[in-house]
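The next block holds one structure in the form of structure tokens; read it before the comments.
The values are calculated or read from the model by the stated rules, or taken from the named source; none is laboratory data. Given the structure is predicted, the values throughout are model-derived calculations rather than measurements. So basically every Cβ, Gly included, is an ideal-geometry build from the backbone, and we count neighbours across all protein chains shown. When the accessible area is computed, the model is the full protein with side chains, heavy atoms only, and any ligands, DNA or RNA have been set aside. Shrake-Rupley method; radii C 1.70, N 1.55, O 1.52, S 1.80 Å.
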Amino acid sequence: MTVSNTQPNPSSAATSEVVISTEKVNIFYGAFHAVRDVYMDIARNQVTAFIGPSGCGKSTLLRCFNRLNDLIPSARVDGRIMFEGTDLYNKQTDPVEVRRRIGMVFQKPNPFPKSIYDNIAFGARINGFKGNMDELVERSLKRAALWDEVKDKLKQSGLSLSGGQQQRLCIARAIAIQPEVILMDEPCSALDPISTLRVEDLMHELKQQFTIIIVTHNMQQASRVADMTAFFNAEAAEGGGRFGYLVEYDRTQNIFNAPQQKSTQDYVSGRFG
Amino acid sequence: MSSFTNESSSGSNGSLAIARLIDRIFFGLTCAFAVFIAVILLWITAQLFQAAYPAIAQFGLGFITTARWNPVEDIYGALPQIYGTIVSSIIALLLAVPLGVGVAVFLSEDFLPAKIRTPIAFVIELLAAVPSVVYGLWGIFVLVPFIRPFLNVIHQTLGWIPIFSTAPDIRGMVQAGIVLGIMISPIIIAISRDALVSLPPQLRQGSLALGATRWETILKVLLPAALSGIIGAVMLALGRALGETMAAAMLIGNAPRISASVFDPASTIASLIANQFAEASGLQVSSLLYAGLILMLLTLAVNVLAEVIITRFQQIE
Ligand SMILES: Nc1ncnc2c1ncn2[C@@H]1O[C@H](COP(=O)(O)OP(=O)(O)O)[C@@H](O)[C@H]1O
Ligand SMILES: [Mg+2]
């Protein structure tokens, strides 16, 4: 596994417009170097999947894209992450504004202990939405393929829904504020197979309008939903501990059928030690 | 009851039987304690009712609506005390709820480094253990002399409003209410902070990820999510304010009258009982106990109300 991990991969995502672009991104938790030298371009209106073994820094990198790492006091980000021409970690960049434009769906569904309606309306209200709220709620729930199941119980608590429904509620909540990018950190890992398929179908729908970055443990899922796939791996660092790095980033069919790196080949074929 | 856990935790047949026996004994014990508490509560209520009965028979509900307390003619009515109890408790809440919830938010967020936050939270919990007589003395000698000039300013500028129409002395409803409010704040802080701290961190992340600011997250997500705990805290604190005897007796002025001005002295049920019980006899004792029964019902009503509010909110959750 001696793979050069600093190689930028300029060929990837070349076909469409770049939304997020990282340049020599290094992420630290205190003294621990979690992610090393990531260069990648994320294409607009595509689904990009992050795959790789646990602990290789997929979530860590994802949380940088909406500045959610700011909540972890020890986290530090070096390098540049450009989003639509602005540096996300510039001093002038307002993390609140970043998060409004780059939404997130979490691993464990986390609806607010509010009604289904208010779960959707909350984000719109705090962002100064002035239009017809009923319409927005309906539209968001429809796009998250949840409307038919909840239209008669909008006043009920979001927590009364099943896990799969809760996750779609969280997706509806994220799209209600019209972000440009939606980050999803293993959105299906807590769901049953049927709910998982529904969320995957949803992703195909949503990419018409949003750019989606999804972290997944499930390689079939990546091959089903993603246009581009990034394979991350972790390697033992000299001073002990392990750092994550981007091994290979390419069109999904290339990653799964004709990977350039041996470790990618090993991982996608399930031969991974 | 929990025979499944027994089966999984014990291997051989013998230890299984022992575990079952222990299970049953434990179950029996907890049942017995629960019944014991209920019996004591009923017993106290029954005794109180019985001892108060002469006064109940004599004055009926008129006791609640009349404002005479005349041991010479043996005519009693506790309206001024009920009024003073409620008004001083409301004033205490007006101070303690914003103060307590505010401090709880402050201590549950990372405004301060954890190294400073934890000791502060600990000291505040200690404040809840300070005896009320100490709060009373502190109120008389330190706090009220300190705030009296401010109360005077309120009286001078807003004196045309009836509730501020008299000049504040050391003793009065506001003066007692403020000391009570400070006394019950630690309860609100400690319980509300626990409620806030135990919220799942995903809630905060979910809110911030939608582009909410920290304050929007606190006010619109975290506080509503912790509301049932906070209401519980407030009701517990209110219960203490209503029944508080020593601090109230020292600061309220023990004047059995109903005054519109909140700066005027008044009396509370608890202070009335504390002041008169030792020298009372006959119908006066019954009347004092009748007043005590009313206080108990008042506290009970507060608790039931809290229960109703909390279940109402939990239905939404
Ligand atoms: N809040 C944190 N504080 C310290 N270390 C962390 C934190 N979160 C993650 N890490 C470490 O960073 C590395 C990458 O973690 P993560 O991004 O969660 O990996 P993945 O999502 O790929 O499984 C792991 O070694 C993990 O232990
Ligand atoms: Mg992860």
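Any residue at all in the range B:256-273 that is under 19 Å from the mean Cα position of the chain (by Cα) and either over 17 Å from B:Ile91 (Cβ atoms) or not assigned by TED's automatic domain parsing to the domain that holds B:Val174 (or both)? The answer is yes, given that some residue of the range B:256-273 is under 19 Å from the mean Cα position of the chain (by Cα) and either over 17 Å from B:Ile91 (Cβ atoms) or not assigned by TED's automatic domain parsing to the domain that holds B:Val174 (or both). Across the range B:191-204, the qualifying residues are those that are open to solvent by 60 Å² or more (accessible area, probe 1.4 Å) and within 10 Å of another protein chain (Cβ to nearest Cβ), and the one among them that is nearest to the chain's Cα centre (by Cα) is B:Pro200.
Residue by residue through the range A:47-56, note down the ones that are near ligand 1 (Cβ under 9 Å from one of its atoms), over 11 Å from A:Ala34 (Cβ atoms) and open to solvent by less than 50 Å² (accessible area, probe 1.4 Å). I'd like the intermediate steps shown before the answer.
Going through the range A:47-56, the residues near ligand 1 (Cβ under 9 Å from one of its atoms) turn out to be A:50, A:52-56.
Right, trim to over 11 Å from A:Ala34 (Cβ atoms) and you get A:50, A:52-54.
Once the filter is applied, which keeps residues that are near ligand 1 (Cβ under 9 Å from one of its atoms), over 11 Å from A:Ala34 (Cβ atoms) and open to solvent by less than 50 Å² (accessible area, probe 1.4 Å), the range A:47-56 yields A:Phe50, A:Gly52, A:Pro53.
Residue count for the range B:266-295 satisfying the condition of being open to solvent by less than 60 Å² (accessible area, probe 1.4 Å) and in a helix (DSSP H, G or I): 20.
Which of the residues that make up the range B:209-226 are farther than 16 Å from A:Ala176 by Cβ and either touching a residue at least 12 places away in the same chain (Cβ under 8 Å) or in a helix (DSSP H, G or I) (or both)?
Step one: list which residues in the range B:209-226 are farther than 16 Å from A:Ala176 by Cβ, which gives B:213-215, B:217-219, B:222-226.
B:Arg214, B:Trp215, B:Thr217, B:Ile218, B:Leu219, B:Leu222, B:Leu223, B:Pro224, B:Ala225, B:Ala226, listed by residue number.
Step by step: first the residues of the range A:182-209, then only those that are more than 18 Å from A:Arg224 (Cβ to Cβ) and touching a helix residue (DSSP H, G or I) at 6+ places or on another chain (Cβ under 7 Å), then the one that is nearest to ligand 1 (Cβ to nearest atom). Which residue is that?
Within the range A:182-209, the first condition is being more than 18 Å from A:Arg224 (Cβ to Cβ), and the residues that meet it are A:183, A:190, A:209.
Narrowing the set further to residues that are touching a helix residue (DSSP H, G or I) at 6+ places or on another chain (Cβ under 7 Å) leaves A:183, A:190.
Working: A:Leu183: 12, A:Ala190: 15 Å.
Ranking the qualifying residues of the range A:182-209, first place goes to A:Leu183.
Can you tell me which residue within the range A:57-94, out of those that are of a type in the set (D, E, K, R) and within 16 Å of ligand 2 (Cβ to nearest atom), is least open to solvent (accessible area, probe 1.4 Å)? Give the derivation first.
Of all residues in the range A:57-94, those of a type in the set (D, E, K, R) come to A:58, A:63, A:67, A:70, A:76, A:78, A:80, A:84, A:87, A:91, A:94.
With within 16 Å of ligand 2 (Cβ to nearest atom) added as a condition, the list becomes A:58, A:63.
Details: A:Lys58: 12, A:Arg63: 58 Å².
Step by step, filter the range A:57-94, then rank; the result is A:Lys58.
For the range A:29-48, what are the residues that are more than 13 Å from A:Arg251 (Cβ to Cβ) and either within 14 Å of chain B (Cβ to nearest Cβ) or within 16 Å of ligand 2 (Cβ to nearest atom) (or both)? Across the range A:29-48, the qualifying residues are A:Tyr29, A:Phe32, A:Ala34, A:Val35, A:Val38.
Just give me the residues in the range B:65-82 being closer than 12 Å to B:Gly292 by Cα and either open to solvent by 60 Å² or more (accessible area, probe 1.4 Å) or small (Gly, Ala, Ser) (or both), in sequence order.
From the range B:65-82, those closer than 12 Å to B:Gly292 by Cα are B:78, B:81-82; that's our starting set.
Answer for the range B:65-82, where residues must be closer than 12 Å to B:Gly292 by Cα and either open to solvent by 60 Å² or more (accessible area, probe 1.4 Å) or small (Gly, Ala, Ser) (or both): just B:Ala78.
Just checking, which of B:Thr85, B:Thr118 is of a type in the set (Ser, Thr, Tyr) and surrounded by 13 or more Cβ atoms within 10 Å (Cβ to Cβ)? Don't jump to the end; show me each part of the working.
Details: B:Thr118 fails: surrounded by 13 or more Cβ atoms within 10 Å (Cβ to Cβ).
Just a single option satisfies the conditions, and that option is B:Thr85.
Within the set B:Met183, B:Met235, the sole residue that is away from chain A (no Cβ under 14 Å), over 24 Å from B:Thr118 (Cβ atoms) and not in a loop (DSSP other than H, G, I, E, B) turns out to be B:Met235.
When only residues in the range B:158-180 that are open to solvent by 10 Å² or more (accessible area, probe 1.4 Å) and in contact with a Pro (Cβ under 9 Å, 6 or more places away or on another chain) count, which is nearest to the other protein chains (Cβ to nearest Cβ)? By that ranking, first place goes to B:Val174. Going by what's in this entry, would B:Leu208 be described as assigned by TED's automatic domain parsing to the domain that holds B:Gly253, surrounded by 22 or more Cβ atoms within 10 Å (Cβ to Cβ) and out of contact with any Phe, Trp or Tyr (no Cβ under 9 Å at 6 or more places or on another chain)? In short, yes. Per the listing B:Gly28, B:Gly14, B:Gly60, the residue uniquely free of Cβ contacts under 8 Å to residues at least 60 places away in the same chain and within 30 Å of B:Gly282 (Cβ to Cβ) is B:Gly60.
Mind telling me which of the residues B:Thr299, B:Thr311 ends up being out of contact with any Leu (no Cβ under 9 Å at 6 or more places or on another chain) and either in a helix (DSSP H, G or I) or at pLDDT 90 or above (or both)? Steps first, answer last, please.
Numbers: B:Thr299 fails: out of contact with any Leu (no Cβ under 9 Å at 6 or more places or on another chain).
When all the criteria are applied, what remains is B:Thr311.
Here is a yes/no grid of residues against (1) within 11 Å of chain B (Cβ to nearest Cβ); (2) hydroxyl-bearing (Ser, Thr, Tyr):
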position: A:Pro95; (1), (2): yes, no
position: A:Pro109; (1), (2): yes, no
position: A:Ser157; (1), (2): yes, yes
position: A:Gly163; (1), (2): no, no
position: A:Arg168; (1), (2): no, no
position: A:Ile171; (1), (2): no, no
position: A:Ile177; (1), (2): yes, no
position: A:Val181; (1), (2): no, no
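If you scan the range A:240-271, which residues turn out to be within 14 Å of ligand 1 (Cβ to nearest atom) and more than 17 Å from A:Met40 (Cα to Cα)? Of everything in the range A:240-271, those that are within 14 Å of ligand 1 (Cβ to nearest atom) and more than 17 Å from A:Met40 (Cα to Cα) turn out to be A:Gly240, A:Gly241, A:Arg242, A:Phe243, A:Tyr267. When the range A:246-255 is filtered for residues that are surrounded by fewer than 22 Cβ atoms within 10 Å (Cβ to Cβ) and assigned to a strand (DSSP E or B), the ones remaining, listed by number, are A:Asp250, A:Arg251.
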